[in-house]
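FYI, it's all coordinate maths here, none of it is from the lab. Keep in mind it's a predicted model, so treat the numbers as computed, not measured. No Cβ is skipped: glycine too gets one built from the backbone with ideal geometry, and neighbour counts run over all protein chains shown.
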Amino acid sequence: MTIRLAPETTAATTTHDIVERSIALLDRVRAQPPLVQCITNSVVVNFTANVLLAVGASAAMVDIPAEAGPFAAVASGLLINLGTPHAEQREAMLEAALSAVAHGTSWVLDPVAIGSLPVRTALAAELVAHRPTLVRGNPSEIIALAGGGAGGRGVDSTDTGDDALDAAQHLARTFGSVVAISGPIDIVTDGTRTLRLANGDALLTRVTGGGCALGAVMAAFLGAAADTASTDAASTDAAASAGSADAFDATVAAITAYTVAAEIAAERASGPGSFAAEFVDALAKLTGDQLRERFVLA
Amino acid sequence: MTIRLAPETTAATTTHDIVERSIALLDRVRAQPPLVQCITNSVVVNFTANVLLAVGASAAMVDIPAEAGPFAAVASGLLINLGTPHAEQREAMLEAALSAVAHGTSWVLDPVAIGSLPVRTALAAELVAHRPTLVRGNPSEIIALAGGGAGGRGVDSTDTGDDALDAAQHLARTFGSVVAISGPIDIVTDGTRTLRLANGDALLTRVTGGGCALGAVMAAFLGAAADTASTDAASTDAAASAGSADAFDATVAAITAYTVAAEIAAERASGPGSFAAEFVDALAKLTGDQLRERFVLA
Amino acid sequence: MTIRLAPETTAATTTHDIVERSIALLDRVRAQPPLVQCITNSVVVNFTANVLLAVGASAAMVDIPAEAGPFAAVASGLLINLGTPHAEQREAMLEAALSAVAHGTSWVLDPVAIGSLPVRTALAAELVAHRPTLVRGNPSEIIALAGGGAGGRGVDSTDTGDDALDAAQHLARTFGSVVAISGPIDIVTDGTRTLRLANGDALLTRVTGGGCALGAVMAAFLGAAADTASTDAASTDAAASAGSADAFDATVAAITAYTVAAEIAAERASGPGSFAAEFVDALAKLTGDQLRERFVLA
């Protein structure tokens, strides 16, 4: 199966277009599992791998020097998450980012808790200069990455999404990246287009890795979208045949799948412990109809 | 809301006093989430973060040199757990402990599996000399930290709580620390006061991190208690207004909340796998009435 | 209780023999919990520890230089898993392997994702030369370890079990190791005997660590079997008295217990998230009758 998303709809002008494109990309992830390399923090690495497997992707946590670069050359997508940036990981991150850029691998930068913490803040500045395909963070992190503010309180943001929109658009235009600001309303911008997505559940913030694992899912959808972009027009799947998807579309699709699954899981959960398992189950069974029924823009 | 625990009850002479003080501190954790820095082992780091979020605290696993120290200066509480003490973590632990002491941040030392393992045993000796607010460990670890015994069998204790009481009181008097000895009966001493707490369930020992995550919860309650200690007498919450809580009270409150939640979870679980999720759910929904109904001294 | 498995049945000629020997070893694990040292990857370390506890073993993730070697001397079994081989872990792995060999500790090598990734591939070649008691891997990893192929796609195999059988038998004869090839059919060979085991469920491949944790369980069963081998003929438990078990038997028993528990869990799960918890519960409650009812050779 190949996917073609119609060029004229890439501006994502309607809810219907966004949902159908998201469903097509989710189908693509499942049909041709992207191999997602994660260089991520020790707190969330297990949850992240399980979330990737649930959404249909393959996970490979290749995060040491001399392996991270070669692997980024062949991976479908790459996540670099700065949550616990030990020295070997920092070296691996830079190696992987350079390799991803050189080989056209889509990559996501998640600048966790930057601002006042010096090591990761300097590292994030160095990494973003390599022009990640996508930057995701909470409002405080996005503002800090753009050179403003002093960051949040640990991993918690002290700013709102709209506080960070100018910073996000500035980053997007400077580095050619899509920028996703997390929050009750997720904001996605590429400097020109901006969407506000309203699905999700607060329980996602009560499970560690609720945000970090989304970065990995974004890398999976970016990998799937990159495949569509390089695929010929001939498609055997009429429903999915709607033109090529770009990084903006992939980011929106990843957030949509992720946050709708969170809503479904929240309805079944008794608290954050059961939510984590329900969320993985919901992701694994997520259907196009569930996305159609629940998707909502802010 | 501010909390004042009556000075005359700090000796915790009655079950009623202990429970009400514990409830007041749990409310405090939830109302003013303490930011808990954890430098902990790779095995339990995810579970620890989820437990902290469930109890109402914020978690930040800032465990690299050059970041651990500055963060400990602003964190509400700090956990140093020696479970997998890699070189960078060891450096970060010392940096964080010094910073915590310098800035008055309450901190917990959990000397996991010390005794015969040389690296962590030497490190624990160095750390305890900086006078942690609280030391928690199993009986073998407490005995080893006090300079006796050869430690347990890996992470399992080969001694009983009462075997370790002399060692605990010696540590408490030498370093000015509260000492908590884990076991079917949890023992808390500050060298003068000693309490034996009888809640809990054996399933806690069947989930990795069942003990380690309690160290993080203790750091959260210490952070909340430190806030009460520096709060003026004026309180807007009559029920919670009972004087200032000290490290001894905070330790007892953390154990109480944790072990009562474990009992509730055990009643709902079918084994250690479901117990882990039920425990997180139970912590998140724990009520004062549940503590009142179940709390029991040995 | 001591276990004697009858010498004349060590060739495991019948399904009945295999099952009864597996049950005897499971009972042994629970009666005399082997202390299993794991030097394993950051992704699965938590799940691995919980699986070990569920099966009845004790887990100790001692993975730093200067501690890994001394601990391997006293552990019942050792797992070396190359999933995220950071520099300190690599040093600890070599130290532990040498110590295990010197002290007769059974050890398992899991050469995760070797083939094209240079650091771990070289390390696996160095480790296997120390003659592990058991090597487990997917077909691509086994082929790569034997010097053929280029490995799989990250952690996923691109070969089938029977593709890897020649490589496995070559490894077994060269290094005196039992070799277990994972897959829908698990193949165990010591170069002479070969068994194909058909239990399990595809959900095991949807949970990260589904394979890696089995390596730890194998180390637990090897530890239990080593105890039986050194135990005198006198047994107080008639049911379990059936002669000494060797590494081949222990490997088969570990796979049997693990994959039967997976089947039971799969029947109760709603997806990979709930499966992980159900699997731990099922392992903890696994009975001999469940093994008798479900065990099947391919």
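Across peptide C:284-293, the average count of Cβ atoms from other chains found within 10 Å of a residue's Cβ is 1. From helices alone, the protein assembly as shown scores -15000 deg cm²/dmol at 222 nm; the rule is -39500 (n - 2.57) for each run of n ≥ 4 DSSP H residues, then divide by the residue total. Distance between the modelled labels on A:Glu91 and B:Arg30, one decimal in nanometres: 4.8 nm (7 Å Cα→Cβ projection). A label point on A:Glu91, set 7 Å along the Cα-to-Cβ line, lies at 1.2, 1.2 nm from each of its counterparts in the other copies, closest listed first. Sorted fewest first by neighbouring Cβ atoms within 10 angstrom, B:Asp289, B:Asp190 come out as B:Asp289, B:Asp190.
Label-point spacing for A:Arg292 across the identical copies (point 7 Å from Cα in the Cβ direction), in nm and ascending order: 5.2, 5.3.
Remark: spin-label model distance C:His16-C:Glu293 equals 2.1 nm, labels positioned 7 Å along the Cα→Cβ axis. Under 5 Å from the amide H of A:Ala59 lie the amide H atoms of A:Val36, each residue being 5 or more positions distant or on a separate chain, with H modelled from the backbone and absent for Pro and chain starts.
Between A:Val45, A:Val29, A:Val178, the residue with the greatest mean-square fluctuation in the GNM of chain A (Cα pairs under 10 Å linked by springs) is A:Val45.
In order along segment A:108-119, the Karplus-derived 3J(HN,Hα) couplings, from 6.51 cos²θ - 1.76 cosθ + 1.60 at θ = phi - 60°, round to 10, 10, 10, x, 4, 6, 6, x, 9, 7, x, 5 Hz, and Gly and Pro are given as x.
Mind running the shape call on segment A:4-294? Use the C-alpha gyration tensor, a ≥ b ≥ c as the square roots of the eigenvalues: rounded below 1.5 for a/c, prolate if a/b tops b/c, oblate otherwise. Here segment A:4-294 falls in the rounded category.
Between copies, the label points at B:Thr194 (set 7 angstrom from Cα along Cα-to-Cβ) are spaced 6.5, 6.5 nm, reported in nanometres from shortest to longest.
Would you give the gap between the C-alpha center of segment B:74-121 and the C-alpha center of segment B:158-233, rounded to a whole Å? Measuring centre to centre over Cα atoms gives 16 Å. If a/c stays under 1.5 just call it rounded; otherwise compare a/b with b/c (prolate if a/b is bigger, oblate if not). Do that for segment C:36-104, with a ≥ b ≥ c from the square roots of the Cα gyration tensor eigenvalues. It is oblate, given that a/c is not under 1.5 and a/b is not larger than b/c.
Here the Karplus curve 6.51 cos²θ - 1.76 cosθ + 1.60, taken at θ = phi - 60°, turns the phi angles of segment B:179-195 into couplings of 10, 10, 9, 7, x, x, 10, 8, 10, 10, 9, 10, x, 10, 7, 9, 10 Hz, with x standing for Gly and Pro.
Considering only B:Ala57, B:Ala66, B:Ala265, the Gaussian network model of chain B with Cα springs below 10 Å gives its largest mean-square fluctuation to B:Ala66.
With each label modelled as a point 7 angstrom along the Cα→C-beta vector, the A:Lys285-B:Ile185 pair spans 4.7 nm. From the Cα gyration tensor of the protein assembly as shown, with a ≥ b ≥ c the square roots of its eigenvalues, which class applies: rounded if a/c is under 1.5, or else prolate if a/b is larger than b/c, or else oblate? Note, shape of the protein assembly as shown comes out oblate. Express the relative contact order of chain B as a whole percentage, based on alpha carbon pairs under 8 Å and six or more residues apart in sequence. Dividing the mean separation by the residue count of chain B yields 24 percent.
For the pair C:Leu98 and C:Glu126, the difference between a 0.36 nm per residue extended length and the Cα-Cα distance amounts to 9.0 nm.
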